[in-house]
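A short worksheet on the structure shown next.
Each reported figure results from applying straightforward, stated rules to the coordinates on display, with no laboratory input. Since we're looking at a predicted model, the values are computed, not measured. Cβ sites come from the backbone with ideal geometry, for glycine too, and all protein chains shown count toward neighbours.
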Amino acid sequence: MTEKKYIYDLTLDELQELLMDWGEPKFRAKQIWQGLYQNLWQNPKEFRNIPKDLQEKLEEHISFSHLKPLTKLKSGDGATEKVLFQLPDNNAIETVLMEYDKRRTICISTQAGCALGCVFCATGQMGFKKNLSSGEISEQVLYFAKQLKEKDEKVTNVVVMGMGEPFHNYDQTLAAVDRLNDPEGLNLGARRFTISTVGLVLAIKRFAKEKRQVNLAISLHAANDELRSSMLPVNDRYPIQELIAACHEYVEITHRRISFEWALIQGNNDNDEDAHELGRLLEGLLCHVNIIPLNPTEGYEGKRSTKESVSNFQNILEEYAIPCTVRIRRGIDIQAGCGQLAINN
Ligand code: SAH
Ligand code: SF4
């Protein structure tokens, strides 16, 4: 038996083709598309805009969900929610919803696990399991979009900062972004997406050439190769100078500002010289630095920096006219913070 096609893996054209193969008129595809991405229907029976026999045929031949919510956790302050989903192949992933003022941000995963082994990251500590399909990536957003719709709210932002390295699963990740961005679908503007990469230089160059309006974040964490390689093994393959050269290329082509992420770790990358080195490295580049005080993970002993070191670090970057913000720590009590997503099985 062949596996059922999964509806969220299909583009509108592919859906059209499938329905025409079934002898259905072309416009049915648009009706189903609207049902999926605008009405957020998740079950063929909900598709009141199509005939009953087509609902039944869809139910029989097409899979409408790959994500089975296994556990849901809410942070003490109620503003962060993390859901653990099981996939049909028994792998599992996590997705996080963060509510902050009027923002409703979904942090999505692109892989189960990750192959890149950054030492302080719980996902890296679990190793690589599999790439998610475009449908499995988009369904995470649609799941929360539906939940928010019930409260008359909408997803405002998507950050591709959950489990996995999005540029190791480039095509599926960008296909998911395109589908969620589609004006005839969920219609979430490209600028509302941020993709975070550990710094895969070839993929950054490709991304630059595609001239998307999607925001790019780079996990930097250290401004010299010795220190960066000790935390991010991928730095041996793409050392800092190559990475920063690719970033300059990106800004030249797209005129868009890059965000650099810096997990601030006590005594490791948080002293004056680290800040000066970073300032010198980024001087003249259209960018912004996002400081993330280290979140605890089981496999790493480092500690987050003190408040004083954080503001000291920020002050030094200001001397180089580099804008810098400290990311608010969210959902740490439910292990939903940056780098804390992992499946223990
Ligand atoms: N693979 C991508 C996206 C997922 S990680 C990447 O590495 O960019 C999202 C962000 O969380 C990255 O900047 C990552 O370096 C950071 N991070 C990982 N572990 C962390 C931890 N324990 N504390 C704080 N930030 C962490
Ligand atoms: Fe993978 Fe990103 Fe974690 Fe590094 S920080 S192990 S690239 S998910």
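The table below lists the values:
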read-out	value
Amide hydrogen neighbours beyond the local backbone of CYS287, cut-off 5 Å, H modeled	ILE258
Value of Rg to Rh for region 138-284 (Rh from inverse mean 1/r over Cα pairs, i.e. Kirkwood)	1.02
Full-stretch length increase - LYS209, GLU242 - with 0.36 nm per residue and alpha-carbon distance subtracted	10.2 nm
HN-Hα J in Hz across region 144-149 - Karplus 6.51, -1.76, 1.60, θ = phi - 60°, x for Gly and Pro	6, 4, 5, 4, 5, 4
Projected area averaged over orientations for region 192-248, convex hull of C-alpha atoms, nm²	3.8 nm²
Long-range tail of P(r) for region 38-116 (Cα pairs > 17 Å, %)	62 percent
Rough spin-label spacing in nm, given labels placed 7 Å along Cα→Cβ, for ARG191 and LYS303	4.2 nm
Efficiency of FRET from Cβ geometry, LYS45 and GLU184, R₀ 22 Å, rounded to 0.05	0.45
Region 210-345: translational diffusion in µm²/s, Stokes-Einstein, Kirkwood Rh over Cα pairs, 25 °C, 0.890 mPa s	156 µm²/s
Compactness of the chain as Cα Rg over 2.2 N^0.38 Å, two decimals	1.04
Other-chain or far-sequence residues with amide H under 5 Å of TYR100's (modelled H)	THR105
Rounded FRET efficiency, nearest 0.05, which uses the C-beta distance separating GLN38 from LYS68 and R0 of 25 Å	0.55
Residues whose placed amide H lies under 5 Å from that of SER219, excluding near-sequence neighbours	THR197, VAL198, GLY199, GLU261
Integer Hz, Karplus 6.51/-1.76/1.60 couplings in order for region 156-170, x for Gly and Pro	9, 9, 10, 10, 8, 9, x, 6, x, 9, x, 7, 8, 9, 4
Gained length - ILE253 relative to LYS5, 0.36 nm times residue gap less alpha-carbon distance	85.5 nm
For region 5-63, alpha-carbon Rg relative to the globular expectation (2.2 N^0.38 Å, N residues)	0.97
Stretchable slack from ASP272 to ALA79, in nm (0.36 nm times residue separation minus alpha-carbon distance)	66.1 nm
Flagged links, alpha-carbon separation over 24 Å, of LYS130/LYS151; LYS68/LYS129; LYS129/LYS211; LYS26/LYS146; LYS5/LYS82	LYS130/LYS151; LYS129/LYS211; LYS26/LYS146; LYS5/LYS82
